[in-house]
């Protein structure tokens, strides 16, 4: 089930809110779990059964690791836990990729299995892994299977993140408070996230598709494509994270932030501190540091860096373009680390131009499935092939999406947030803002509903994740 | 107002919206027909174990996907209101000029036709040439051709929308069927001669076009008519797609005394037909009242015609509304639509003696002519 759907907003939400808040405290996690399983099963009943199996493995191995903590067997259990849980993801996500490449290398033609990827598998796999590793490292194992299952399957973050660490919500799984303050803030965050997804991200996607379909492309079109794709991915992803964080608050959880205005970064290093932060920190804590991090010889450190970025790319999808996308950032980070960072810090303008260009280029690779085509698009940014700079079609697209592009570009900076914070904390205007906020939210919800009722496109970015 | 009250209000507005519309969805009766979109809403999907268990590549056919994508949006309470909200926001807040290629200028909706489809022109020309070579050339008949521009001809470029070069299109088409004599009707038309919410032209404004065609084929059109108005609102194909709400329209149709004595025969159903089908006028698409909708072959005979000449007209849906205005000028009109049957079958029994032959097609069909047989 998608957050951006009528079914979710007007059937699922009222049903869970009603049952969750009338349920006694000790049954709240059970209600959350049941609804989360229903939410997931809505996208495929068999996949929900598989997720339950993965959760059961995490639960049992967690208990075993804790039971034998400090003994060698504990490490063996950890190995089997990680191997068994990751094998689901390997099978569903990467089998066809490996067959395809094996065929290409050997000249064989082993038929592809045409396996469809269960949505969210990459997110819950990483959550289960983080749980068993944390237990191995000393975190208390969760004895109550419902609590653990409620954490892993929790619908707000199940299909698009953020990747919530067990340690971050362990206490709230046992005991949490609910208040109008949290629910009100959560509602605001949810509706804003929904609007980011439905109004901005979907429009940016439509624009990119129009350009993708245009027969005679121009330099300006390639730039609009790159910018619209970068904005689409950002608003879709961060919109989903906002919705997850907002829903979490309504149900008494505090999920960590996942995006922090990444487009204002001045280096790739900073960009990844602001972009999909839960994934970056997961790879840091569960791969990079276990590999030795930077406390190893330089050659080994380089291997660690490139391994982490290769896997970061590969996590996003079983395709070479994702691997290259990840490695591209790996290369940038290494270059920055060696010498570029100090120059970037000196110039506010050049550093921003550099990272925005790098990000736009990277998202072209991210979005376009074949590398050949991606390079055509990147070449097109510089007029490769002698294409014209603009055309009547280009200017029409630009004119037609100008307001949405401006809204998206401004919305990708902290400008609106800081303005809203200033107004709401102002002694004079604070009260007016308080009155206007609920009105604005209801208007946004009506508009979002209108766009969903009369929907022409509602792309789902995470079907390859 | 304090922050605490604001947060309570945030919760309240969300609750009122989601619980309220959930209740309305469940309680309100569902529409049988979506008038403004000229279609039936999606029905509640079939609930079977098979439809629930579908996943992976088959998920699109599952109960859940049908429920999400079709049933709930189609049956959402006040659907038309929400569609109007979307249209309003699109054009007044996001300042978008079109919605999926459809635009509205001065209350008239049009659709951007950007590309000239050379293959389509070649196919249409090939089909017209086939008829000419097989049936007309040996008899020394020079057919006439007239091309009906779609509304984009009058609206697109002039209002900053993407547009193909219509003159180039017409030139290309005519260059491929040089055996035919062209009757230019573009000068007799303007955007307001079409329904505001539909692709088709409006019979109310076609008397001068009918005269151009009839006179262009050597006749002398001077009929008079009584204007009639249909008692049902008409929503054209753009009503459901336009970026701004479009008002329901009225269908006007002309009659005269001669029409009362005309016989119409529907060869597709092998039964009598009608010039204006009042049953279809009250159906899903009121424009189907003209000659009873899309019928591959009709023969109209007028015992009181001014001449004993016949007309064989190859047409698309535009032709249906102008043909009634040509009835006085021909003793017999054979109306052929080769999109539904092969011409060899449709032209059985048609001898073309003493007949004018007219190919009357719109740019919309000629630029997407794959259905022409």
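Just a few scattered comments:
- Subset of segment B:33-66 [touching a helix residue (DSSP H, G or I) at 6+ places or on another chain (Cβ under 6 Å), within 11 Å of chain A (Cβ to nearest Cβ) and closer than 16 Å to residue A:6 by Cβ]: B:63, B:65
- Qualifying position, being at pLDDT below 90 and in the same structural domain as residue B:327 (by TED's automatic domain parsing), among B:273, B:283: B:283
- Taking the criterion of being under 18 Å from the mean Cα position of the chain (by Cα), in a helix (DSSP H, G or I) and free of Cβ contacts under 8 Å to residues at least 60 places away in the same chain, the only residue of segment B:322-367 that qualifies is B:323.
- Selection of segment A:117-143 for residues being assigned to a loop (DSSP other than H, G, I, E, B), over 17 Å from residue A:93 (Cα atoms) and touching a residue at least 24 places away in the same chain (Cβ under 8 Å) yields A:138, A:139, A:140, A:141, A:142, A:143.
- Residue A:90 vs. criteria within 14 Å of chain B (Cβ to nearest Cβ), touching a helix residue (DSSP H, G or I) at 6+ places or on another chain (Cβ under 9 Å) and in a helix (DSSP H, G or I): no
- Residue check for residue A:33: in a helix (DSSP H, G or I), more than 25 Å from the chain's Cα centre (by Cα) and either crowded, with 19+ Cβ neighbours inside 10 Å or within 11 Å of chain B (Cβ to nearest Cβ) (or both): no
- Number of the exception - residue A:340 against (1) part of a helix (DSSP H, G or I); (2) over 30 Å from residue A:298 (Cα atoms): (2)
- Residue match in segment A:353-369 (condition: out of contact with any strand residue (DSSP E or B) (no Cβ under 7 Å at 6 or more places or on another chain), closer than 17 Å to residue A:207 by Cβ and part of a loop (DSSP other than H, G, I, E, B)): yes
- Among the conditions (1) closer than 24 Å to residue B:367 by Cβ; (2) without any contact (Cβ under 8 Å) to a residue 60 or more places away in the chain, residue B:196 misses just one, which is (2).
- Residue that is surrounded by the fewest Cβ atoms within 10 Å (Cβ to Cβ) [pool: residues in segment B:135-168 that are part of a loop (DSSP other than H, G, I, E, B) and within 14 Å of chain A (Cβ to nearest Cβ)]: B:165
- Residue within segment A:375-384 that is within 13 Å of residue A:267 (Cβ to Cβ), touching a residue at least 40 places away in the same chain (Cβ under 8 Å) and in a helix (DSSP H, G or I) present: no
- In segment A:401-412, residue farthest from the other protein chains (Cβ to nearest Cβ) [restricted to those that are touching a helix residue (DSSP H, G or I) at 6+ places or on another chain (Cβ under 8 Å) and within 15 Å of residue A:223 (Cβ to Cβ)]: A:409
- Residue among A:359, A:403 that alone is crowded, with 18+ Cβ neighbours inside 10 Å and modelled with pLDDT of 95 or more: A:359
- The set of residues in segment A:144-165 being assigned to a helix (DSSP H, G or I) and within 18 Å of residue A:53 (Cα to Cα) consists of A:145, A:146, A:147, A:148, A:149, A:150, A:151, A:152, A:153, A:155, A:158.
- The sole residue among A:398, A:452 that is touching a residue at least 40 places away in the same chain (Cβ under 8 Å), under 18 Å from residue A:200 (Cβ atoms) and within 10 Å of chain B (Cβ to nearest Cβ) is A:452.
- Condition check for residue A:212 on (1) free of Cβ contacts under 8 Å to residues at least 40 places away in the same chain; (2) under 21 Å from residue A:364 (Cα atoms); (3) out of contact with any helix residue (DSSP H, G or I) (no Cβ under 8 Å at 6 or more places or on another chain): one failure, at (3).
- 1 or more residues surrounded by fewer than 18 Cβ atoms within 10 Å (Cβ to Cβ): qualifying strands (runs of 3 or more DSSP E) within segment B:231-319: B:252-255, B:263-266, B:297-301
- Entry remark, segment A:97-116: residues being assigned to a helix (DSSP H, G or I) and touching a residue at least 24 places away in the same chain (Cβ under 8 Å) number 1 in total.
- Neighbours by Cβ (under 6 Å, 6+ apart or cross-chain): first from segment B:1-28, free of Cβ contacts under 8 Å to residues at least 40 places away in the same chain; second exposed (fewer than 15 other Cβ atoms within 10 Å of the Cβ): B:1/A:435
The values are calculated or read from the model by the stated rules, or taken from the named source; none is laboratory data. Quick caveat, the model's predicted, so the values are computed rather than measured. All Cβ positions, even for glycine, are placed from backbone atoms using ideal geometry, and neighbour counts span all protein chains on display.
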